[in-house]
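Asker: Take this structure first; my questions come after.
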Number of protein chains: 2
Amino acid sequence: MLEPGATIGILGGGQLGRMLSVAASRLGYRCHIYEPASAPAGDVAYRVTTAPYEDEAALRAFAASVDVITYEFENVPTSALDLLESLRPIRPNRRALAISQDRITEKTFLNDLGLATAPWAAVESESALAAAVASLGLPAILKTTRLGYDGKGQAKLTSPDDIPTAWAAMNGAPCVLEGFIAFDREVSVIAARGLDGSVSAYDPGENVHEGGILRTTTIPARLSPSQRSDAVLLAARILNALDYVGVMGVELFVTAKGLLVNEIAPRVHNSGHWTQAGCAVDQFEQHIRAVAGLPLGDGGRYADVVMENLIGDDVLKVPDLLKARDTQVHLYGKGAPRPGRKMGHVNRVVSGQNR
Amino acid sequence: MLEPGATIGILGGGQLGRMLSVAASRLGYRCHIYEPASAPAGDVAYRVTTAPYEDEAALRAFAASVDVITYEFENVPTSALDLLESLRPIRPNRRALAISQDRITEKTFLNDLGLATAPWAAVESESALAAAVASLGLPAILKTTRLGYDGKGQAKLTSPDDIPTAWAAMNGAPCVLEGFIAFDREVSVIAARGLDGSVSAYDPGENVHEGGILRTTTIPARLSPSQRSDAVLLAARILNALDYVGVMGVELFVTAKGLLVNEIAPRVHNSGHWTQAGCAVDQFEQHIRAVAGLPLGDGGRYADVVMENLIGDDVLKVPDLLKARDTQVHLYGKGAPRPGRKMGHVNRVVSGQNR
């Protein structure tokens, strides 16, 4: 168990790191952010290192100044992780990171665990893509296996004519073709596993994406009691299989045939931001508790919440949102809004005591 | 209205400054802490200046780096405030600070406003103390007019024999003698006033003090509807009279004859920490909103909460508290516990949706 006053190192200095640092402060810890670019998290961190992930001296100094290392960003280069891991514990562990960094590894891991995913095929050439299209049918979506997030590195195929363009758009990177799923809704489970192996999950949220970017999360999700319990059990199975420590986001498709795993994120997750309103312990504190070896919070909630992302020019609505009842506005301290840039989010409490 | 990315200067770097800085980050602001001693707030601030309040160069550099100045500590020396006020706006204003810095000025202000206080008399000598005892009766409590907090600079008198000792304990400082009040309970109103003159108050909390230090605050307080509305109206009258901008804590005694004002604190207040659980906008964010010229939050709450301070060795209970259901643990990042030192607090949600 990390003593109060200890320092937690966080790889990545975006909004997730910012909210992790704030949560760590509530528990008496300090945070040291490592980020190559500008770091909104640095505004509320004890220390910031601005250096590339290739700077061995900076990585060593960072490790020497912290007691444990975590991350808010899963695409940290392997070489940096190799070095850091030799110096300080990294939580969640490297295996979780490796699995989530590669879609093929991830899907193989999930299927081996007995969990269903959308049908998929590895694709390393245009001819392999044509074969995969023949096998999975259309429409389908082609994704690079690595470094994809928020809809980037993806191409939708609706006709065999799309094959050359879609393949060319991937620049020769290894890809995976995913068959389209007829799903009723998308939900996600934000679950945590402690250093002692205990697991705690928040109530699943129902997500709406637009253009590959999360738009809203609504709590509670429209799920039957058995679907709700299946979702949580499935997340727990993933956490246990990975000997995971920290918070994970597990995105699921709800289909007529049951729950399919879309993807996992080995970190706090945008669809868990609602926990800042209506839970005594939010996902950020839950992650810090896990990483620090503290007992997990119970995950209980005492309100219904709708979370809405503020993307690009959505921030222009902030003056009105600040006046809205029972509404929590979170801004990330980023500069000018750009299309697709996550500038903040809003948690609206739609039902609770006195409501 | 302060633009996102602006910097708020905070005089004082204790736990209140720490939680203000965190709240400011939620709204996209940065904080610069000015604190002569060690500053727990510095762990989550954009910048920290460690310098005495007499360091004119440091004060000037601080003012130059911020857009507006607020404080978490009301005993900042007048000379520092004079200089800072010439350089940047200070919110809440100097008058609120001047009034709260001197018990006689404060009681006079309140009485002039038509608000009841405990009977009191100014005391500047042992013979004046004897006269005041004769007039107000015993028991009574002698307090220095300035710099008193958490029960320091106070002496209780139960017999005329206590007069010489009590007076001697004050070291010749100007004092006020307060008559004892038979009160049913102590409550406090955490109220805010915006730059536009709008006022918003949280539901009053019921406070239990031990040895002059706040022990617990329970929401809701046991008040009749008319008492509740009187308490809020009374607080609003104080804020308006001072053309106040920010959050204020107003401590009240509930007596058979009505509400008496005990004291006012021109800042976020320990008895408002419960707002971190069960309100969309807590007192810290409310203060930042006011100081930044943003609209105030509505002050609504969606849960019942009990706040308990962790004083001195109370922190030894933290491992158990972390395991408790619906319990938020806040630690201030201070060093070793000392008797009477506020190390953290706990917000326990005792009733809300699903509870």
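Asker: Probe radius 1.4 Å, ligands and nucleic acids left out: can you give me the accessible area buried at the A-B interface, summed over both chains, in Å² to the nearest hundred?
Answerer: When A and B are taken together, about 3800 Å² of accessible area is lost.
Asker: Can you divide the C-alpha Rg of chain A by 2.2 N^0.38 Å and report the result to two decimal places?
Answerer: After normalising by residue count via 2.2 N^0.38 Å, the value is 0.98.
Asker: Above 27 angstrom, tally the Cα pairs of the range B:183-351 and express them as a % of all pairs, no decimals.
Answerer: It works out to 25 percent of all Cα pairs.
Asker: Using a label point 7 angstrom from Cα along Cα-to-C-beta, what distances in nm, from shortest up, separate A:Asp82 from the other copies?
Answerer: 6.5
Asker: Just to confirm, what accessible area per residue do you get for the range B:183-351 at 1.4 Å probe, in whole Å²?
Answerer: I get 32 Å² per residue for this part.
Asker: To the nearest Å, what is the center-to-center distance of the range A:22-46 and the range A:57-131, using C-alpha atoms only?
Answerer: 23
Asker: For chain B, with all protein chains present and a 1.4 Å probe, just round the carbon and sulfur fraction of the accessible area to a whole percent.
Answerer: 51
Asker: With a cut-off of 8 Å between alpha carbons and a minimum separation of six or more residues, what is the relative contact order of the range B:138-233 in percent?
Answerer: 23
Asker: Count, for each residue of A:291-299, the Cβ atoms from other chains sitting within 10 Å of its Cβ, then give me the mean as a whole number.
Answerer: Whole-number average of other-chain Cβ neighbours for A:291-299 is 3.
Asker: Then there's this: Mind checking A:342-351 for the average number of partner chain beta-carbons within 10 Å of each residue's beta-carbon?
Answerer: 2
Asker: Turning to a different aspect of this structure: For the range A:119-179, with every protein chain kept in place, what is the accessible area per residue (1.4 Å probe, Å²)?
Answerer: About 49 Å² of surface per residue is accessible.
Asker: When only Cα pairs under 8 Å and 6 or more residues apart are kept, what is the percent relative contact order across chain B?
Answerer: Across chain B, relative contact order equals 14 percent.
Asker: Could you name every residue in the range A:266-282 that has 40 Å² or more less accessible surface in the full protein assembly than in its own chain alone (probe 1.4 Å, ligands and nucleic acids excluded)?
Answerer: A:Ala280
Asker: Here is a further query. Averaged over its residues, how many other protein chain Cβ atoms are within 10 Å of peptide B:178-190's Cβ atoms?
Answerer: Rounded to a whole number, the mean comes out at 0.
Asker: Could you state the number of Å between the C-alpha centres of the range A:198-254 and the range B:311-330?
Answerer: 28
Asker: While we're here: Placing +1 at every Lys and Arg Cβ and -1 at every Asp and Glu Cβ, with all other atoms neutral, what dipole size does chain B have around its Cα centre, in debye to the nearest 20?
Answerer: Once rounded to the nearest 20, the dipole reads 700 debye.
Asker: Using the structure shown, list the pairs from A:Lys107/A:Lys317; A:Lys156/A:Lys257; A:Lys143/A:Lys257; A:Lys143/A:Lys334; B:Lys156/B:Lys257; A:Lys334/B:Lys323 with a Cα-Cα distance above 31 Å, or answer none.
Answerer: Flagged as over cut-off: A:Lys107/A:Lys317; A:Lys334/B:Lys323.
Asker: Distances from B:Ser125 to the same residue in each other copy, label points 7 Å out along Cα→Cβ, in nm, shortest first?
Answerer: So the distances to the same position in the other copies read 10.7 nm.
Asker: Another one. According to the Cα gyration tensor, what semi-axes, each the square root of 5 times an eigenvalue, does the equivalent ellipsoid of the range B:7-90 have, listed from largest to smallest in whole Å?
Answerer: The three semi-axes for the range B:7-90 are 19, 14, 11 Å.
Asker: For n ≥ 4 DSSP H runs only, could you compute -39500 (n - 2.57) per run for chain A, divide by its residues and tell me the 222 nm figure to the nearest 500?
Answerer: After summing the helix terms and dividing by the residues of chain A, the value is -8000 deg cm²/dmol.
Asker: Also, quick follow-up: In whole Å, what three semi-axes, largest first, describe the equivalent ellipsoid of the range A:119-179 built from its Cα gyration tensor (square root of 5 times each eigenvalue)?
Answerer: Ellipsoid semi-axes (Å, largest first): 16, 11, 11.
Asker: Longest segment of chain B with no GluC sites (Glu not before Pro) in a DSSP loop having at most 15 other Cβ atoms within 10 Å?
Answerer: B:125-355
Asker: Hey, what did the range B:119-179 get for relative contact order, percent, Cα under 8 Å, at least 6 apart?
Answerer: About 51 percent, as a whole number.
Asker: Oh, and also: Give the nm distances, rounded to one decimal, from A:Asn93 to the matching residue in every other copy, measuring between label points 7 Å along Cα toward the beta carbon; shortest first.
Answerer: So the distances to the same position in the other copies read 6.3 nm.
The values are calculated or read from the model by the stated rules, or taken from the named source; none is laboratory data. Since the model is a prediction, treat every value here as computed from it, not as a measurement. Positions of Cβ are backbone-derived with ideal geometry, glycine not excepted, and every protein chain shown enters the neighbour counts. What goes into the accessible areas is simple: the full protein's heavy atoms, side chains included, and nothing from ligands, DNA or RNA. Shrake-Rupley method; radii C 1.70, N 1.55, O 1.52, S 1.80 Å.
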